[in-house]
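The values are calculated or read from the model by the stated rules, or taken from the named source; none is laboratory data. In this text the structure is predicted, and so the values were computed from the model without any measurement. Methodologically, a virtual Cβ is constructed for each residue, glycine included, from the backbone with ideal geometry; neighbour enumeration extends over all protein chains shown. In case anyone asks, the SASA skips ligands and DNA or RNA and just uses the protein heavy atoms, side chains included. Shrake-Rupley method; radii C 1.70, N 1.55, O 1.52, S 1.80 Å.
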Amino acid sequence: MTEITNKKNILDLSLEELENLVQELGDKKFRAVQVFGWLAKGTEDFDAMNNVPAGLRKSLAENCYIGMPEAVLSQHSSSDGTVKCLYEFADGARVEAVFMKYSYGNSICISSQAGCRMGCKFCASTMDGLHRSLTRGEMLGEVLRMKKLTGENINHVVIMGMGEPFDNYQEVSGFIRLINSPKGVNLSMRNITVSTCGIVPVIGQFAHDFPQVNLAVSLHAPNDDIRRRTMPVANAYGYDELMQACKEYTRITHRRITFEYALIRGVNDSKENADELASNLKGWLTHVNLIPLNEVKGRDFRTSEGKNVLEFKNRLESKGIAVTVRRTLGSDIDAACGQLRASNGNGGHR
Ligand code: SAH
């Protein structure tokens, strides 16, 4: 462990940074492309990089480690192929990631932080606060580990697991660039989705930095009063301000924005709530993703009844709003939204 802390996680390095390192270690720049390619394949041992000279492999191992998380627990849903993993990093930080199969491809939902400090009252990930943010390379490690574990390709990455990506924006943007890197995993920007609880200043920044990456905003309410009841972030950034930032996002990127709306019985699921939401969203490029609340142990909120879900959806649709009800995958293994919580421990650490 002490040895590891003096070394750097080589997965944190961009190709350019790796080129500099390789040159500092006395080798040719092009070797970095080879090493970068091996890392993107999930190689965990420098000695397995058999087209890289032994001397460079040795000096890389002296200076760096390959910081993939260990999968300390993995659960496979019997019904739909969903795999949930509890990962542990070298310092003991724990996060979860979920692999899901859809008709359009395989998707992984990764965590951006161990724990979360946003405090949404219906969400399990935030119950023990924030332990620490993850680095770009650790997020990449979540994807690489899942690929190895499932033996499957991954077509989409959604940053919707534990944590608030816009509370760790620098590393999240570093991760997007890393995984998009043509000599690395080479995942298209359009196959990446970031979900935020609504940190307004970062939404603007994100629109400029990553106009091709999909944005989802956790709205969960038709107005400030209701939003404040469940999401403390609404006290920092009001509803109007959030709507303005989202409109600005679509103006800059010309991309459809997704609003997530967890239906909570008696809190935000009435006809009036649907009408108010529809009038807020009227006339701009959006998509509403209704998620019947996944009930979390230790939280009071209950999920909406099936007929209310349908009624809510129909009301939005009748007012011209694009809406889907999210299929719940992996709920038999607590892998559904808001149920991710580094279990057997106090959220995010041993
Ligand atoms: N912090 C980010 C991403 C993580 S949460 C965000 O807030 O968007 C991913 C999604 O799951 C968010 O829309 C979140 O509000 C939602 N969610 C959290 N708890 C939930 C629950 N118990 N049931 C349904 N959705 C939930």
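Table for the structure above
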{"read-out": "Assigned charges on the beta-carbon of Lys, Arg, Asp, Glu; the chain dipole about Cα centre (debye)", "value": "620 debye"}
{"read-out": "Sequence ranges 78-85, 135-142, ranked by mean other-Cβ count within 10 angstrom, highest first", "value": "135-142, 78-85"}
{"read-out": "Charge dipole magnitude, Cβ of K and R +1, D and E -1 - the stretch 1-70, Cα centre, debye nearest 20", "value": "240 debye"}
{"read-out": "Helix 239-253 axis, angle to the chain major axis (alpha carbon atoms, nearest 10°)", "value": "60 degrees"}
{"read-out": "For the stretch 8-65, accessible area per residue (1.4 Å probe, heavy atoms of protein chains only), Å²", "value": "50 Å²"}
{"read-out": "Listed pairs 84/121; 58/148; 28/147; 58/183; 282/307 exceeding 28 Å between Cα atoms", "value": "28/147"}
{"read-out": "Carbon + sulfur, % of accessible area of the stretch 8-65 - ligands and nucleic acids excluded, 1.4 Å", "value": "47 percent"}
{"read-out": "Shape call, the stretch 8-65: gyration tensor on alpha carbons, a/c limit 1.5", "value": "rounded"}
{"read-out": "DSSP-defined beta bridges in the stretch 3-161 - what % are antiparallel, rounded to 5", "value": "80 percent"}
{"read-out": "Antiparallel %, DSSP beta bridges [both residues in the chain], to 5", "value": "45 percent"}
{"read-out": "Chain lengthening between residue 79 and residue 305 when straightened (0.36 nm per residue, less Cα-Cα)", "value": "79.1 nm"}
{"read-out": "Per residue value of the accessible surface for the stretch 72-177 (all protein chains in place, 1.4 Å probe), Å²", "value": "33 Å²"}
{"read-out": "Dipole-positive endmost among 90, 61, 38 within the stretch 1-94 (Cβ charges, Cα centre)", "value": "38"}
{"read-out": "Amide hydrogen neighbours beyond the local backbone of residue 288, cut-off 5 Å, H modeled", "value": "259, 322, 323, 324"}
{"read-out": "Probe 1.4 Å - accessible area at residue 132, Å² to nearest ten", "value": "50 Å²"}
{"read-out": "With Cα atoms, 0 to 90° folded angle of helix 15-24 axis to the chain main axis", "value": "20 degrees"}
{"read-out": "Among 297, 313, 147: highest mean-square fluctuation, GNM of the chain, C-alpha pairs under 10 Å", "value": "297"}
{"read-out": "Simple spin-label estimate for residue 29 and residue 241 in nanometres, 7 Å along Cα-Cβ", "value": "4.5 nm"}
{"read-out": "Signed unit charges on C-beta, dipole axis of the stretch 70-343, positive-most listed residue 107, 243, 72", "value": "107"}
{"read-out": "Alpha-carbon centroids, the stretch 289-306 and the stretch 312-328: separation in whole Å", "value": "17 Å"}
{"read-out": "Carbon and sulfur %, accessible surface of the stretch 70-343 computed with the full protein complex present, 1.4 Å", "value": "46 percent"}
{"read-out": "Accessible area per residue in Å² at 1.4 Å probe, computed on the stretch 225-290", "value": "45 Å²"}
{"read-out": "Base-10 log of normalised Debye intensity for the stretch 143-279 (one unit scatterer per alpha-carbon) at q = 0.10, 0.16 Å⁻¹", "value": "-0.38, -0.87"}
{"read-out": "Stokes-Einstein D in µm²/s, Kirkwood radius over Cα pairs - the chain at 25 °C with 0.890 mPa s viscosity", "value": "116 µm²/s"}
{"read-out": "Backbone HN-Hα couplings from phi across the stretch 53-70 [Karplus 6.51/-1.76/1.60, Hz, Gly and Pro as x]", "value": "x, 4, x, 5, 4, 5, 5, 4, 5, 6, 9, 9, 10, 9, x, 7, x, 7"}
